[in-house]
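Working notes for the structure below.
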Amino acid sequence: MLTRAIPSTGQALPVIGLGTYDVFDVQGTPAEIADRRTILDALTGAGGSVIDTSPMYNRSERIVGDVIADGGDRGDFFLATKVWTTGREAGVEQMRRSAELMQTDVIDLMQVHNLRDTETHMTSIRELQDEGRIRYSGLTHYRADALSNLAEEMRVYRPEFIQINYSLAEQEAARRVLPMAQDMGIAVLINRPYQSGDLFGAVRGRDVPEWASEFAASWGQFFLKFIVGHPAVTCAIPATSKPHHMRDNLEAGFGLLPDEATRQRMIDFIRTL
Ligand SMILES: NC(=O)c1ccc[n+]([C@@H]2O[C@H](COP(=O)([O-])OP(=O)(O)OC[C@H]3O[C@@H](n4cnc5c(N)ncnc54)[C@H](OP(=O)(O)O)[C@@H]3O)[C@@H](O)[C@H]2O)c1
């Protein structure tokens, strides 16, 4: 799979990962675990590693931990989660609990979820990084109207990662935050790459245009290649509950990427719908 370097360390990260919002918030029946085991096997089988979760996603961290423990290898994954609470003690306890639920001593990426109490949590995250319990820090949001606050906080806290919304349906990040991340040497995860699935509705009944066939064999690949074709993007994290969708998404990590002119053509095409 194509990779991008994390600017702060040079570590290579595969460009397609997995989001877990909703889709990993399941009871944990043997059938649900088996399905998610197949999804993680597909991810690692294709060379992927990034899984993004959060304590906000109910049972998701626990399910991620259980599925990896059920025949997986922790070393194959880059585990990203978030801190989503207020106050130092609550934050430190939540981060400890996330590691416990995911059955790991070290969390690869700890992000402040939706910029909630950033100052407090970034201080704790830096301390946990010094202790070797967390490898990278991050800030996240999922709405375009939060991007200017996020930009301010990038300047103040200088995290190693940000996670933001960016897709053919939501392009605001390309104006300021993506170039800024590139200038500052901050890695970028992209959430809502399908606008939580709505992008598929926009193209229902249509085929992928002929001019895109050399780089996209499906609409999922069309949408993801637009994202990872941006040079500031490190990894896109589409969520799925279905092994065949995971395999489809992973294909976007291979082969040609659209150049700038083609990305503009993709934008123009989506505008006509
Ligand atoms: N504030 C934050 O930090 C924040 C906010 C939002 C999201 N996130 C992260 O970003 C991740 C992704 O965002 P998201 O979950 O909102 O939405 P998304 O990834 O844009 O879309 C997910 C939807 O697309 C469908 N899908 C996935 N692959 C598909 C394919 N190949 N073909 C057709 N349908 C497909 C999924 O359904 P199926 O299950 O049927 O495949 C699901 O309904 C989240 O899970 C979470 O980890 C973070």
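Contact map, the stretch 99-124: first residue assigned to a helix (DSSP H, G or I), second residue surrounded by 18 or more Cβ atoms within 10 Å (Cβ to Cβ) and of a type in the set (D, E, K, R), Cβ cut-off under 7 Å, separation 6 or more or different chains; pairs are LEU101/GLU61; LEU101/ARG62; HIS113/LYS82; LEU115/GLU153; THR118/GLU153.
Just a yes or no: is a residue in the stretch 174-185 buried (at least 16 other Cβ atoms within 10 Å of the Cβ), part of a loop (DSSP other than H, G, I, E, B) and touching a residue at least 24 places away in the same chain (Cβ under 8 Å)? No, the conditions are met nowhere in the stretch 174-185.
In the set (1) crowded, with 16+ Cβ neighbours inside 10 Å; (2) at pLDDT below 95; (3) not β-branched (Val, Ile, Thr); (4) not in a helix (DSSP H, G or I), GLY71 fails one condition alone, (1).
If you go through the stretch 224-252 and keep only what is of a type in the set (D, E, K, R) and farther than 11 Å from ALA42 by Cβ, you end up with just LYS225. Within the stretch 187-240, the residues that satisfy the criterion of being over 21 Å from PHE77 (Cα atoms), more than 8 Å from the ligand (Cβ to nearest atom), aliphatic (A, V, I, L, M) and not in a loop (DSSP other than H, G, I, E, B) are ALA202, ALA212, ILE227. Of everything listed in (1) away from the ligand (no atom under 15 Å from the Cβ); (2) within 17 Å of the chain's Cα centre (by Cα); (3) among the hydroxyl-bearing types (Ser, Thr, Tyr), the single unmet condition for TYR166 is (1). In summary, ARG116 fulfils each of the numbered conditions (1) of a type outside the set (A, V, I, L, M, F, W, C); (2) within 15 Å of the ligand (Cβ to nearest atom); (3) crowded, with 18+ Cβ neighbours inside 10 Å with the single exception of condition (3).
Pick from ALA80, ALA42, ALA90: which is assigned to a helix (DSSP H, G or I), within 17 Å of the chain's Cα centre (by Cα) and modelled with pLDDT of 95 or more? Spell out the reasoning first.
Details: ALA80 fails: assigned to a helix (DSSP H, G or I); ALA90 fails: within 17 Å of the chain's Cα centre (by Cα).
Only one candidate passes the filter, namely ALA42.
Which of the following residues is under 21 Å from ALA252 (Cβ atoms) and crowded, with 22+ Cβ neighbours inside 10 Å: GLN163, GLN195? Outline the logic, then answer.
Details: GLN195 fails: crowded, with 22+ Cβ neighbours inside 10 Å.
Selected residue: GLN163, the only one of GLN163, GLN195 that is under 21 Å from ALA252 (Cβ atoms) and crowded, with 22+ Cβ neighbours inside 10 Å.
State yes or no: is VAL15 in contact (Cβ under 8 Å) with a residue 60 or more places away in the chain, within 13 Å of the ligand (Cβ to nearest atom), β-branched (Val, Ile, Thr) and under 19 Å from ARG247 (Cβ atoms)? Quick ask: steps written out before the conclusion?
Numbers: in contact (Cβ under 8 Å) with a residue 60 or more places away in the chain: yes; within 13 Å of the ligand (Cβ to nearest atom): no; β-branched (Val, Ile, Thr): yes; under 19 Å from ARG247 (Cβ atoms): yes.
When the stated conditions are applied, VAL15 does not pass them.
Pairs meeting the criteria (first residue in the stretch 248-273 and part of a helix (DSSP H, G or I), second residue among the aliphatic types (A, V, I, L, M), beta carbons under 6 Å, at least 6 apart or on different chains) are ASN249/ILE16; LEU250/ILE16; LEU250/ALA46; ILE270/LEU168.
One residue stands out among those in the stretch 198-225 that are charged (D, E, K, R) and under 23 Å from the mean Cα position of the chain (by Cα): the one that is surrounded by the most Cβ atoms within 10 Å (Cβ to Cβ), which is LYS225.
The values are calculated or read from the model by the stated rules, or taken from the named source; none is laboratory data. The model shown is predicted, which means the values in this text are computed figures rather than measured ones. Note that we place each Cβ from the backbone using ideal geometry, even for glycine, and neighbour counts take in every protein chain shown.
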